[in-house]
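The values are calculated or read from the model by the stated rules, or taken from the named source; none is laboratory data. Remember, predicted model here, so these are calculated numbers, not experimental data. Cβ atoms come from the backbone with ideal geometry, glycine included; neighbour counts cover every protein chain shown. These area figures cover heavy atoms from the full protein model, side chains too; ligands, DNA and RNA do not enter into them. Shrake-Rupley method; radii C 1.70, N 1.55, O 1.52, S 1.80 Å.
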Amino acid sequence: MREAMATLARLQARSKAVGQQYYFRNSVVDVFRKKENDAAVKIQSWFRGCRVRAYIRHLHRAAIIVQKWWRSYSSRQHYQLVVKLAYYTMKMNLYNEMAVRIQRRWRGYKIRKYCFDYFYLKEYLRAVTETNDAIRDALEEFAEMKEREEKKAALEREEKKRDYQARKMHYLLSTKQIPGIYNSPFRKDPDPWELRLQKAKPLTHQRPRVKQKHSISLTSWLACTSNRSFPRSEILPPINRKQCQGPFRDIAEVLEQRYKPLEPTLREAEPINELKEAREDLRRQEWIRNVNDNMFLPFSSYHKNEKYVPSMHSSSKYGPNSYGCQRFRDENPKKWICPKDFQTVLPSFDLFSKYGKLYSKAGQIV
Amino acid sequence: MSQRQVLQGVMSLLRPLLLDVVPTIQQTAALALGRLANYNDDLAEAVVKGDILPQLVYSLAEQNRFYKKAAAFVLRAVGKHSPQLAQAIVDCGALDTLVICLEDFDPGVKEAAAWALGYIARHNAELSQAVVDAGAVPLLVLCIQEPEVALKRIAASALSDISKHSPELAQTVVDAGAIAHLAQMILNPDAKLKRQILSALSQIAKHSVDLAEMVVEAEIFPVVLTCLKDKDEYVKKNASTLIREIAKHTPELSQLIVNAGGAAAVIDCIGSCKGNIRLPGIMMLGYVAAHSENLAMAVIISKGVPQLSLCLSEEPEDHIKAAAAWALGQIGRHTPEHARAVAVTNTLPVLLSLYMSTESSEDLQVKSKKAIKSILQKCTYLPALEPFLYDAPPNILKHVVGQFSKVLPHDSKARRLFVTSGGLKKVQEIKAEPGSLLQEYINSINNCYPEEIVRYYSPGYSETLLQRVDSYQPLAN
């Protein structure tokens, strides 16, 4: 029993250790077991992984080949499109470029030829400048000319004024006895006014300016139309005039005689060379009026263009002598009294011009 | 007694004298009435109210020439003050008698009648029409041909007053054959006559192209240019008015004037006078340049631009400055050459100062702004544009910067000059809203330059450099 108890006690004392050892040995194995298990798992997983990776690699390669081919195909399509586009663009650019060149040339030509001629503009502006210069010169000249004229006019006015002054002051001229105020003996030369006074003509008394009548011809004097002629006989005598006492003639008659208008004889009324003047007048009028100076002959005498040939009996070289009919002066001009020719004067018959118009009643039948 | 009562008294005293037996008293009374009416429009109204006009008109037809002159003087004196008084004269039937007086033998009577008709026709178109309907125009044209200078003057002034209102009236005057006679008399040495003739021709020519062509066909060019050199200021003014009225209608007429050397003559005339006399000449240059660029170039080569810029700077009146600014705008707006020709004479700063000054009138400001804008939009002459960068207001600055942005990308010398003159610096200092036109222009200018230069000139660059110096750690050695 004691041994059993001792063994029990020993076993009980060792039971903890046994338990610990049991636990410990289990756990050690476990430790290794876990480790080994892990290792096995790892190896297996690695291997499985390699297998799968190889499979995947294989798949990848296949996929890559498919994709490669597909991509090359589609890229080639795309590339062809791109090339076509680029080619097209290049062609269009070239065309545009060429079109621009043509348009440039054409537009330049059109503008220069039809719309805007630059050289013509320059020429025009140059012409305008020239015209401007010419006009400026001409205007300058004109202004200068005006100035000169004005100055001349001013000078002339001054001269006239001074002249007039000198004429008014002519009495200030110096004489031999008394030197004038402008000719002082202490001066070397006389004053210019002195010389002017010497040249001046003294002013006469100013006659009242008679207005210039235009010359009244004899006919209007006859009619007595001017204001200063005698009043006509239409003026009646004043009504309330007292009758003068005595054997006087009727006042109306007296006034009529007094204010009778002038009645010159024919000899005085017409000018002396009236006939000659009338001939001249007629000739002048014919000269104005006639287109053709030749005398019109009657139609019947158109065929009569033969010159008249006088017969021998009636023609001689001794014609009529003009002395005694046309000329009356001496043959010898040295004997003439005056060089002027005699004038024919119309003879007058005064006998009947005053008949019945005289104031006196002599010779009238009562 | 108030003045009005005095007037009534005087009128009632003078009125019976008009009916006096002695003709001298009648004439003197008429003369007195005329002088009173001439002085004051109240007195003229009193003449009308006192019922004197019918009596005058009645006796105008019958009396001798002295009375006619005095009566016509009264009618003229009454008619000159206002349209209502002139209408009163027309209503009492004076026009027919005045026209009869125009046929009188005595030139003094004709002159008085023509003067009265001219004053009546001056006021408005209806009165002018009434004068024309009375048959005055052919008689006035006959009066112009008379030898007396005073009569010619008055007849020309009457024709000018008639034709100024409307084209129909001007056509009536032309139909009576006035233009030929007026054109012949341009060479007359009398200055006052020339004034009236040129005024008459310009009133005729101003209405329409046909009338202007008819005036030109009367061969007034180049004779009219001699009038531009006359001593009398108003002859010059009226001559340039005539040329202006002709030039403003069509480019062909302007071309005709330029071909005849009119541009140079007008420019010389502008140079030789001052003040309001210059105004028509300035406007004429503006009209000619406005028609086409060739004509504007013709104005430029006739040395018009220096003269106009002189006018702009030295004239004291605002309306003349406005006209000069407008004319310069018309010249410079066509092509870059034109703009350059204007910019070279240094007028752009003057225009800018006129635009900015507060003393200029509104009209002047508007015109100078338009001129600056139109010239700037074509100007590629950079030395003239640079001063604008510094003192222009924003709305003009936009155009200036725009022009720079157009020119700089193509011209390397200009770029260099732009940098050295400090323009780039100024451009960087301009504040612009992003996305606005100004910002785009600034960007395009900045693109012409390398990055460093732009950064160098941007404001605050020195501060950034200094900041970099501050933050720089020297390498420990």
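Summary table
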read-out: Order of exposure, largest accessible area first, which applies to B:PHE66, A:PHE47, A:PHE186, B:PHE388 with probe 1.4 Å; value: A:PHE186, A:PHE47, B:PHE66, B:PHE388
read-out: For residues of A:136-147, the mean tally of beta carbons on other chains within 10 Å; value: 4
read-out: Charge dipole magnitude, Cβ of K and R +1, D and E -1 - segment B:249-397, Cα centre, debye nearest 20; value: 240 debye
read-out: Between 0 and 90°, nearest 10: helix B:279-291 axis offset from chain B longest Cα axis; value: 60 degrees
read-out: Alpha carbon centroid spacing (whole Å) that separates segment B:73-138 from segment B:341-375; value: 47 Å
read-out: Relative contact order of chain B, pairs being alpha-carbon contacts under 8 Å that are 6 or more residues apart, as %; value: 6 percent
read-out: Burial order of peptide ranges B:296-305, A:95-104 (average beta-carbon count within 10 Å, highest first); value: B:296-305, A:95-104
read-out: Lysines whose Cα lies under 30 Å from that of A:LYS317, excluding same-chain neighbours fewer than 8 positions away; value: A:LYS304, A:LYS307, A:LYS334, A:LYS335
read-out: Probe 1.4 Å, all protein chains present, accessible-area order of B:ARG195, A:ARG53, largest first; value: A:ARG53, B:ARG195
read-out: Members of B:LYS378/B:LYS426; A:LYS151/B:LYS152; B:LYS194/B:LYS236 lying beyond 20 Å, as alpha-carbon distances in this model show; value: B:LYS378/B:LYS426; A:LYS151/B:LYS152
read-out: Degrees separating the helix B:107-121 axis from the principal Cα axis of chain B, which is the longest one; value: 50 degrees
read-out: With all protein chains modelled, accessible area of B:LEU102 [1.4 Å, Å²]; value: 10 Å²
read-out: Listed residue (A:ALA63, A:TYR88, A:CYS50) projecting farthest to the positive dipole end of segment A:44-93, Cβ model; value: A:CYS50
read-out: Two-site label geometry, A:VAL31 and A:TYR164: point separation in nm, points 7 Å out along Cα→Cβ; value: 16.3 nm
read-out: Unit charges on C-beta of K, R, D, E only; dipole of the protein assembly as shown, Debye; value: 5280 debye
read-out: Dipole-positive endmost among A:ALA13, B:ASN395, B:LEU7 within the protein assembly as shown (Cβ charges, Cα centre); value: A:ALA13
read-out: Probe 1.4 Å, protein heavy atoms only - accessible area per residue of chain B in square angstrom; value: 45 Å²
read-out: Residue-count net charge about A:GLU144 - beta-carbon cut-off 11 Å; Lys, Arg +1, Asp, Glu -1; value: -2
read-out: Helix B:191-205 axis, angle to chain B major axis (alpha carbon atoms, nearest 10°); value: 70 degrees
read-out: Exposure rank, largest accessible area first [B:CYS379, B:CYS92; 1.4 Å]; value: B:CYS92, B:CYS379
read-out: Listed peptides B:23-32, B:317-326 by packing density, highest first (mean Cβ within 10 Å); value: B:317-326, B:23-32
read-out: Whole-angstrom Cα spans of segment B:1-159 along principal axes, big to small; value: 49, 35, 24
read-out: Amide N of segment B:70-101 lying under 18 Å from the label point, which is placed 7 angstrom from the Cα of B:ASP133 along Cα→Cβ; value: B:83-100
read-out: Neighbour net charge for B:PRO107 - beta-carbon separation under 11 angstrom, K R +1, D E -1; value: -1
read-out: Selection from B:ASN294, B:TYR355, B:CYS269, by position along the positive dipole direction of segment B:265-365 (Cβ); value: B:ASN294
read-out: Separation of alpha-carbon centers, segment B:244-265 and segment B:376-432, rounded to whole Å; value: 37 Å
read-out: Average beta-carbon neighbours from other chains, 10 Å sphere, peptide A:117-129; value: 3
read-out: At least 10 Å² of accessible area lost relative to the chain alone, listed for segment B:245-269 with a 1.4 Å probe; value: B:GLN255, B:VAL258, B:ASN259, B:ALA260, B:GLY261, B:ALA264, B:ALA265, B:ASP268
read-out: Buried solvent-accessible surface, both chains (B, A), 1.4 Å probe, Å² to nearest 100; value: 1600 Å²
read-out: Unit charges on C-beta of K, R, D, E only; dipole of segment A:33-177, Debye; value: 2660 debye
read-out: Radius 14 Å from Cβ of B:ASP230, net charge of other residues (Lys, Arg +1; Asp, Glu -1); value: -1
read-out: Centre separation in Å (Cα based) which lies between segment B:7-45 and segment B:199-236; value: 41 Å
read-out: Bins of 10 Å, starting at 0 and running to the largest distance - Cα pair percent for chain B; value: 4, 17, 19, 17, 14, 11, 8, 5, 3, 2, 1, 0, 0, 0
read-out: Protein accessible area in segment B:4-66, 1.4 Å probe - carbon and sulfur %; value: 58 percent
read-out: Above-threshold pairs, the threshold being 29 Å between Cα atoms, out of B:LYS248/B:LYS398; A:LYS199/B:LYS229; B:LYS229/B:LYS369; B:LYS229/B:LYS303; value: B:LYS248/B:LYS398; A:LYS199/B:LYS229; B:LYS229/B:LYS369
